[in-house]
Amino acid sequence: RVVATLLSFRRNNPLVQSICRLRETDVVGAGIQALAHSGDEDFDARLEELWKTFSRAPEVSETMTMREVQQQLASMTLTFGDGGLLLTRTGKVQMVEGDFFRRPSEVDVNPNIIEGVEVNRVHRPIAFHIGTREGGLLKDVKRIQARNFIFHRKRIRPAQVRGVPELAPVMNDLQDLD
């Protein structure tokens, strides 16, 4: 419910839209740039050219540049609290918003799966349980190894597994202003 309300604010509230835009301006220029220094100038030039090509469309839908992927990731913690990038076999990344995490099934009572994040005994993520959304429902939850997912979250405590939406504490105030 919190995430749904914050997403509605992101779409319809000029103040929240401005906050998200400001967060997205934290990404400078074209985003992350490769500066190879292997000692082999030809190899370095080739690596940098490959990175430049990849950065034009690094995401699976090929509708976002590297800068846009980074902007979306930067503002994701405002409304979702967390999310990340799924590393695909093709070398592209897929954006995953925080509300796509879920336990594999409601009957699964594995205490090591906390809100869709599977952790080891020291709470280090070892896998993420991520689904697809159809008609507002989360379906087809799959276990993704942590090595294939770049997890981005806004933590308040060191042992916290999932992120907390940064706008959640002011949600009621935003509602009053709306």
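Read-outs throughout are calculated quantities, based only on the coordinates presented, and are distinct from any laboratory measurement. Just so it is clear, the model here is predicted, and its values are computed rather than measured. When we count neighbours, we look across all protein chains shown, and the Cβ atoms used for this are built from the backbone with ideal geometry, even at glycine.
Computed values, structure above
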| quantity | calculated |
| --- | --- |
| Distance between modelled label sites at LEU138 and LEU15, nm, 7 Å Cα→Cβ extension | 2.9 nm |
| Contour excess over end-to-end distance, with Cα ends at SER105 and LEU22 and 0.36 nm allotted per residue | 26.1 nm |
| Highest average packing first - 74-86, 13-25, Cβ atoms within 10 Å | 74-86, 13-25 |
| Student exercise, the range 71-178 dipole from Lys, Arg, Asp, Glu Cβ charges, in Debye to nearest 20 | 760 debye |
| Span from the the range 147-167 Cα centroid across to the the range 1-68 one, whole angstrom | 19 Å |
| Computed P(r) (all Cα pairs; the range 20-74; 10 Å bins; percent) | 25, 41, 26, 7, 0 |
| Highest-first arrangement of 56-62, 127-133, where packing means the average Cβ count within 10 Å | 127-133, 56-62 |
| Tail weight of P(r) past 24 Å, computed on alpha-carbon pairs of the chain, percent | 47 percent |
| Cα-centred dipole magnitude for the range 121-170, charges only on beta-carbon of K, R (+1) and D, E (-1), debye, nearest 20 | 300 debye |
| Relative contact order (%) - criterion: Cα under 8 Å, at least six apart; region: the range 83-178 | 23 percent |
| Aspartates and glutamates with Cα under 17 Å of LYS154, excluding same-chain neighbours fewer than 8 positions away | GLU24, ASP26, ASP82, GLU97, ASP99, GLU115, GLU166 |
